[in-house]
Amino acid sequence: MIVRKLSEAKSYEAPNHREYKSLRVFGAEMGGSQALIFGVSHFLPGGGAGPDASPPEKIYHVLAGELTVIVGGKETVIKQGDTCYIGPNESREIVNRSNEVCTIAVAVTMPPAK
């Protein structure tokens with residue numbers, strides 16, 4: 001078992017994101033998982049990511065606030081306690097349209113080791 005305190009998480013820059021702060025807790029350079037990356041992201045009002053698509057699967061779980069997820073032209077607002085799955089290569093955009101910070105837990109599959 002590995003326990004990691006949030007204070008040990010490392011900040012990272014995610015491509016095509018805006019007005020946000022992301023912390024990597026496990027996976028990639030943080031170790032502890034070979035199959036997925038797990039982190040926490042904070043989106044300021046107006047912040048978000050995309051639109052884009054990528055091979056990894058993504059799961060977003062809203063810890064605080066709300067987030068608008070746009071997939072296939074359909075907008076869905078996910079709120080505290082809600083969880084959203086984005087499939088491989090599924091184009092998505094996420095936007096915090098509220099006036100409060102939105103905090104989400106994020107799990108993303110890692111590509112197979114070469």
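At a glance:
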read-out: Ranked list, fewest to most other Cβ atoms within 10 Å of each Cβ, for D52, D82; value: D52, D82
read-out: Built amide H within the under 5 Å cut-off of G47, gap 5+; value: N96
read-out: Principal axis box of the chain, alpha-carbon based, largest edge first, Å; value: 37, 30, 23
read-out: Karplus 3J(HN,Hα) series, Hz, for region 36-49 with 6.51 cos²θ - 1.76 cosθ + 1.60 (x for Gly, Pro); value: 8, 10, 10, x, 10, 10, 10, 10, 5, x, x, x, x, 8
read-out: Local electrostatic count, A53, Cβ distance below 12 Å [Lys/Arg +1, Asp/Glu -1]; value: -2
read-out: Against the rule of thumb 2.2 N^0.38 Å, how large the Cα Rg of region 42-108 comes out; value: 1.00
read-out: Karplus-derived HN-Hα couplings along region 95-109 (A = 6.51, B = -1.76, C = 1.60, θ = phi - 60°), whole Hz, x at Gly and Pro; value: 9, 8, 8, 8, 9, 10, 5, 10, 10, 10, 8, 10, 10, 10, 5
read-out: Projected label distance in nm at A105 and I2, using a 7 Å step from Cα toward the beta-carbon; value: 1.7
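Readers should treat all values here as calculations from the given coordinates under stated rules, not as data from a laboratory. What you see is a predicted model; the values in this text were computed from it and never measured. No Cβ is skipped: glycine too gets one built from the backbone with ideal geometry, and neighbour counts run over all protein chains shown.
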